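Working notes, beginning with the structure itself.
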Amino acid sequence: MAPVTTIAEIGKHEGQTVTIRGWLYNLRESGKLLFPIFRDGSGVIQGVVPKSTVPPEIFDAVKSLTQESSVIIEGKVRGDKRAPGGYELDVSNVQIIQRVPDNDPYPISLKEHGVDFLMEHRHLWVRTPRQAAILRVRAEIIKAARDFFDERGFTLTDPPILTPAACEGTTTLFPVDYFEEQAYLTQSGQLYIEATAMALGKVYSFGPTFRAEKSKTRRHLTEFWMVEPEVAYATLDDLMDLGEGLISFIVKRCLERRRADLQTIGRDLTKLEQIEAPFPRISYDEAVKMLEEAHTKGTLENKFEWGGDLGSPDETYISSEFEKPVMIHRYPARVKAFYMEPDPQRSELALCVDVLAPEGYGEIIGGS
């Protein structure tokens, strides 16, 4: 058997015969030519099977393949600029491990399906190129976030998932019976990692958090993973520098290592390439002035008054005025948590910052 490789590493073997272990994603036929598309979890590649150059049993075996059949393929790697990924595979042999039967076909075809149907088949939906690319990008983001903090002297600490108290308000708690006592799924590890910051100086946690909120919006999930750093002796400017550095680092890493996946997702890379420090920083007062001017011009329907917290339309408008994430600092203390330090220059303000992402995604970092 030829050496085994992955589709992601196929470019290292141009001109060589290799083995790929994966699944049939799609099959096109043009006269005496077959064009099977294979996937292996690292990417997809098109194979070429001319009837004139392979044994009849190999041609017939490929022709008989059904979507998501499990196969081991041998073939010669050939560069082709027209092909996705830049390479094709001249198939010379195929071993069928499992053929999906015709009378019980793979349920997710290449046509459009409704979201409800796809969510009911989520375990199969993740096999499609876009969903697989999203998972690879997500893994890259997690790795980049860990590398960013690890390389800057932070210590990873893991707070408990079951907790006795609320960090973010009692209305979004998931209660759990805990040996005849009431406990809750964590909303944040903050209270625990604040304690470890007093021991270790610079710490972070990265784990699951839970909020009893409706998930069918762009801004809320009942379960998500959150990275939370705590730094002893940090000033507000230090925190803004840290958030700015983290976002820039993650975006740069994904552009370097997951460019093809970002293109599969349909991401506009030119917008991501603009995400680098420094980010614009505006005070809450300046943000309110922007909103007031937008209302006067008729751009914003609702009038915003100083002292309120920014809602989704307000955040969307402000972020639309910038090509990078924008940092809004020093909100009124009354709309922020009790533990946020007052500004010594203006006690009615809190030394805090929210980072709003471009393109209407809203707050992605909050700190104080």
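The values are calculated or read from the model by the stated rules, or taken from the named source; none is laboratory data. Since this is a predicted model, take the numbers as computed values, not measurements. All Cβ positions, glycine included, derive from the backbone under ideal geometry; neighbour counts span all protein chains shown. For accessibility, only protein heavy atoms count, side chains too; no ligands or nucleic acids. Shrake-Rupley method; radii C 1.70, N 1.55, O 1.52, S 1.80 Å.
General observations
- Residues in the stretch 83-111 that are polar (S, T, N, Q) and not in a loop (DSSP other than H, G, I, E, B): SER92, ASN93, GLN95, GLN98.
- Restricted to the stretch 253-268, and to residues there that are more than 12 Å from the chain's Cα centre (by Cα) and in a helix (DSSP H, G or I), the residue that is surrounded by the fewest Cβ atoms within 10 Å (Cβ to Cβ) is GLU256.
- Count of residues meeting criterion [on the phi < 0 side of the Ramachandran plot, modelled with pLDDT of 95 or more, part of a loop (DSSP other than H, G, I, E, B) and open to solvent by 10 Å² or more (accessible area, probe 1.4 Å)] in the stretch 330-340: 0
- Residue, least open to solvent (accessible area, probe 1.4 Å), within the stretch 27-50, restricted to residues that are in a loop (DSSP other than H, G, I, E, B) and over 23 Å from ALA139 (Cβ atoms): GLY31
- Note on the stretch 112-139: among residues that are open to solvent by less than 50 Å² (accessible area, probe 1.4 Å), of a type outside the set (A, V, I, L, M) and in a helix (DSSP H, G or I), the one that is nearest to PHE38 (Cα to Cα) is PRO129.
- Restricting attention to the stretch 144-180 and to residues that are acidic (Asp, Glu) and modelled with pLDDT of 90 or more, the residue that is surrounded by the fewest Cβ atoms within 10 Å (Cβ to Cβ) turns out to be GLU180.
- Tallying residues that are buried (at least 21 other Cβ atoms within 10 Å of the Cβ) and assigned to a helix (DSSP H, G or I) within the stretch 289-313 yields 1.
- Residue check for ALA61: over 16 Å from GLN95 (Cβ atoms) and assigned to a helix (DSSP H, G or I): no
- Lone unmet requirement of (1) at pLDDT 95 or above; (2) open to solvent by 30 Å² or more (accessible area, probe 1.4 Å) for VAL94: (2)
- Of all residues making up the stretch 39-77, the number that are of a type outside the set (S, T, N, Q) and within 17 Å of GLU14 (Cβ to Cβ): 9
- Screening MET327 with (1) surrounded by 14 or more Cβ atoms within 10 Å (Cβ to Cβ); (2) in contact with a helix residue (DSSP H, G or I) (Cβ under 9 Å, 6 or more places away or on another chain); (3) not in a strand (DSSP E or B); (4) not small (Gly, Ala, Ser) gives one miss only, at (3).
- Here is the figure for the stretch 344-361: residues that are crowded, with 16+ Cβ neighbours inside 10 Å and touching a Leu at 6+ places or on another chain (Cβ under 9 Å) total 5.
- Lone unmet requirement of (1) more than 21 Å from LEU242 (Cβ to Cβ); (2) at pLDDT 95 or above; (3) not β-branched (Val, Ile, Thr) for ASP343: (1)
- Condition met for TYR192 (of a type in the set (Ser, Thr, Tyr), at pLDDT 90 or above and more than 25 Å from LEU242 (Cβ to Cβ)): no
- Any hit, the stretch 169-186, residues being closer than 17 Å to GLY367 by Cβ and not charged (D, E, K, R): no
- When SER205 is tested against (1) part of a strand (DSSP E or B); (2) modelled with pLDDT under 95, just one condition goes unmet, and that condition is (2).
- Between ILE364, ILE282, the distinction of being touching a residue at least 40 places away in the same chain (Cβ under 8 Å), open to solvent by 60 Å² or more (accessible area, probe 1.4 Å) and hydrophobic (A, V, I, L, M, F, W, C) belongs to ILE364 only.
- Any hit, the stretch 92-107, residues being farther than 30 Å from ARG211 by Cα and among the aromatic types (Phe, Trp, Tyr): yes
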